[in-house]
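Before any comments, here is the structure.
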Amino acid sequence: MAPTPLEAEIRRRIALAGPMPVRQYMALCLTHPEHGYYMNRDPFGRAGDFVTSPEVSQIFGELAGLWAASVWQAMGAPENVRLVELGPGRGTLMLDAMRAANVVPAFRAALVVHLIEISPALRARQEEMLKGIDVPKLWHDSFDEVPDGPAIVLANEFFDALPVYQAVKQINGWYERMVGIDERGNLAFSIADEPMPLFDQLLTPAVRNAPLGSLFEWRTDNLALELGRRITRQGGAALIVDYGHIESAIGETMQAVGRHGFADPLGMPGQVDLTAHVDFQALRLAAESMGVRAHGPLDQAEFLRRMGIERRATALKSAVTPDKAKDIDVAVARLTGEGRTGMGKLFKAIAFTDPKIAGLPGFIR
Ligand code: SAH
């Protein structure tokens, strides 16, 4: 099979500069300006590569909207607030959140929506989705472009799409994992020539004491630090929902998904999605270091129950045919269920708040 255009580009870079860190490979695969996976496609939904919670049921985005509205009230109902979404995909969550926010008209009137989206294709999709929503909307490439002021931030399946570094433990230290070319001319994993100096000292004891050969993944803390700093200094909160582990742990979680099935991460660069689990402990420590209060992580199922998913489902079902009502039950089971297709336990919700905010819906009962 001919290499994908991105594979040709990656091979050129390796030929010039040698093997590249896994993080750089993953970043190129997802967000290379021309050939990155997200840059020119809509990967969501039944016809796409994967389905996310807001695409499973409108209730997910509605509850996110109600969460945002009650956070705004807990903030003392500021006259101006930025409602920020990181990586909005098709814009479905925001559409459903805005409909739900109609129950608090003063919140709708106070907010400007800021959408953080790097993909031109998905930006266009979001504009189309949200064109009937009568609130000011602005798009940015990154969170630090959002103007100063109180902000409520939502992120579903965003952090898992941020590239990870990988390192492998050897007898004399941790070696960064790289992508190079093997003897047969294929893209292949390898490790750097030298261990990373002092890397041990950045690790939690559980990871530091892992057996030889263990693999550890991490992301830069930049975004969590920036979120934490913003929220502490200017007020607001963030709700982050994603799949991952509650404590930093060893193990490879980077995976490729295409057409609803697993694929080889090195197989079709730019043509399949690459993700890795979110390390909620690392996320939490970084945000807390900037002074925010952290809540959770809670299982997605528990968070949605506390936010009233059952009540909302009952209300929706009372207005539709029995067939449609069954679809709603299936969707709720998918969002809250366990097991292979359930998203209720694998996905977690964590929130960060300005410590001045007292009660937080969904987290404090
Ligand atoms: N939240 C949506 C989509 C999740 S997929 C949902 O739940 O359906 C990840 C989203 O983040 C996509 O919209 C993708 O284009 C965007 N994205 C990925 N990496 C990004 C980056 N570095 N900066 C900004 N947006 C990014």
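The values are calculated or read from the model by the stated rules, or taken from the named source; none is laboratory data. Worth saying up front: this structure is predicted, and the values here are computed from it rather than measured. When we count neighbours, we look across all protein chains shown, and the Cβ atoms used for this are built from the backbone with ideal geometry, even at glycine.
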> Quick one: in segment 206-247, which of the residues that are touching a helix residue (DSSP H, G or I) at 6+ places or on another chain (Cβ under 7 Å) and assigned to a helix (DSSP H, G or I) is farthest from ASP148 (Cα to Cα)?
Replying inline: ARG208
>> Go through (1) within 8 Å of the ligand (Cβ to nearest atom); (2) under 28 Å from ALA74 (Cβ atoms) for LYS137 and report which single condition fails.
In response: (1)
> In the set PRO19, PRO43, PRO5, which member is surrounded by fewer than 23 Cβ atoms within 10 Å (Cβ to Cβ) and at pLDDT 95 or above?
Replying inline: PRO19
>> Contact list please: Cβ distance under 6 Å, first residue in segment 204-221 and free of Cβ contacts under 8 Å to residues at least 40 places away in the same chain, second residue of a type in the set (Asp, Glu), pairs at least six apart or on different chains.
In response: ARG208/ASP200
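With the structure loaded, tell me whether ASP354 is charged (D, E, K, R) and buried (at least 16 other Cβ atoms within 10 Å of the Cβ) or whether it fails that test.
yes
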> If you take the residues of segment 71-100 that are closer than 18 Å to ALA315 by Cβ and among the small types (Gly, Ala, Ser), which of them is farthest from the ligand (Cβ to nearest atom)?
Replying inline: ALA100
> Is one or more of the residues making up segment 339-352 free of Cβ contacts under 8 Å to residues at least 40 places away in the same chain, in a helix (DSSP H, G or I) and not polar (S, T, N, Q)?
Replying inline: no
> Hey, among GLY244, GLY258, which residue is over 16 Å from the mean Cα position of the chain (by Cα), touching a residue at least 60 places away in the same chain (Cβ under 8 Å) and buried (at least 17 other Cβ atoms within 10 Å of the Cβ)?
Replying inline: GLY258
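This table checks each residue for (1) at pLDDT 95 or above; (2) surrounded by 14 or more Cβ atoms within 10 Å (Cβ to Cβ); (3) under 27 Å from the mean Cα position of the chain (by Cα).
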residue: ARG125; (1), (2), (3): yes, yes, yes
residue: GLU157; (1), (2), (3): yes, yes, yes
residue: ASP160; (1), (2), (3): yes, yes, yes
residue: PRO163; (1), (2), (3): yes, yes, yes
residue: GLU176; (1), (2), (3): yes, yes, yes
residue: ILE181; (1), (2), (3): yes, yes, no
residue: PRO195; (1), (2), (3): yes, yes, no
residue: PRO211; (1), (2), (3): yes, no, no
>> Need a quick list: strands (runs of 3 or more DSSP E) entirely within segment 248-320 having at least 3 residues that are in contact with a strand residue (DSSP E or B) (Cβ under 8 Å, 6 or more places away or on another chain).
In response: 255-258, 273-275, 293-299
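Give the residues of segment 80-120 that are small (Gly, Ala, Ser) and farther than 18 Å from ARG41 by Cα, sorted by residue number.
Within segment 80-120, ALA97, ALA100, ALA101, ALA106, ALA109, ALA110 qualify.
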> Inside segment 39-66, can you point out the residues that are within 21 Å of VAL153 (Cβ to Cβ) and either touching a strand residue (DSSP E or B) at 6+ places or on another chain (Cβ under 6 Å) or among the hydroxyl-bearing types (Ser, Thr, Tyr) (or both)?
Replying inline: THR52, SER53, GLU55, ALA64
>> Quick check on my filter: what residues within segment 29-59 are in a helix (DSSP H, G or I) and more than 12 Å from the ligand (Cβ to nearest atom)?
In response: GLN58, ILE59
